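One structure is given here, and the rest of the page talks about it.
Coordinate-derived values only; no laboratory data. For clarity, every value in this text was computed on a predicted model and none was experimentally measured. Using ideal geometry, Cβ is built from the backbone for each residue, glycine included, and neighbour counts are taken over all protein chains shown.
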Amino acid sequence: MDKLEQYILDNTKPEEELLHRLERETYLRVINPRMISGHIQGKLLEMLVRMMRPKRVLEIGTFTGYSALSIARGLEDGAYLDTIEVDEELEDMAARFFAASTYGTRIRQHIGSALDVVPRLGEVYDMVFIDGDKREYPAYYDMLLNGGYVHSGSVLLADNILWYGKVAEKIAHNDRHTEAIVEFNRRVREDNRVDNVILPIRDGINMIMVK
């Protein structure tokens, strides 16, 4: 960790103990633990939820549940989060931490492909956090905007949108992840139905508002 990153952590409100334990267990037990949102991004999600006051939130990509708990912490009573994870092996770990949290009752956990689960749920969301399979980002976007699962004023937050800086370089042969993210960013930029800005926090977040 460099000095600037440490300074940011030192001057941000401390991490909740349950989230700290979840991050530690993720690094001990799960492959690719860096996929976890972590304290700074988690705190940003919580504060955005508090400011936007959404009633229905969708998360595509639960992983071990850090971002879901951060979002749930910011929700008002009566609001809820649908979180979807394709890897069923992560279900029990996330569910255990959801059950241990005061805010866990605000979370509805689903296992499967978001492209299958979202249409089955049939909800319209005020806020969406996209952190699933990067190769499917364009498909998620098309589903949400064209399927009527968001409305005017809905906010979409797409994570890992800078993809370790690869989006600004020549794309390597068969690098489907980078290709999909570049395509996603292009679609958003050219879509007159939305407004957007890319935030260079961690690996980048594309903040998109439906007009």
Let a ≥ b ≥ c be the square roots of the eigenvalues of the Cα gyration tensor of the stretch 164-211; is it rounded (a/c under 1.5), or, if not, prolate (a/b larger than b/c) or oblate? oblate
Restricting to the chain, compute how many DSSP beta bridges are antiparallel as a %, nearest 5. 35 percent
Simple SL model, points at 7 angstrom along Cα→Cβ for residue 53 and residue 31; separation in nm is 4.5 nm
Rounded to the nearest 500, what is the chain's calculated 222 nm mean residue ellipticity when only DSSP H runs of at least 4 contribute -39500 (n - 2.57) each, over all residues? -12500 deg cm²/dmol
Would you mind checking which residues have amide H under 5 Å from residue 205's amide H? H placed 1.01 Å from N; only 5 or more apart, or other chain. 161, 199
Scoring only Lys, Arg, Asp and Glu (+1, +1, -1, -1) among other residues with Cβ under 12 Å from the Cβ of residue 27 yields +2
Using 7 Å Cα-to-Cβ label points, what is the residue 13/residue 174 separation (nm, one decimal)? 4.8 nm
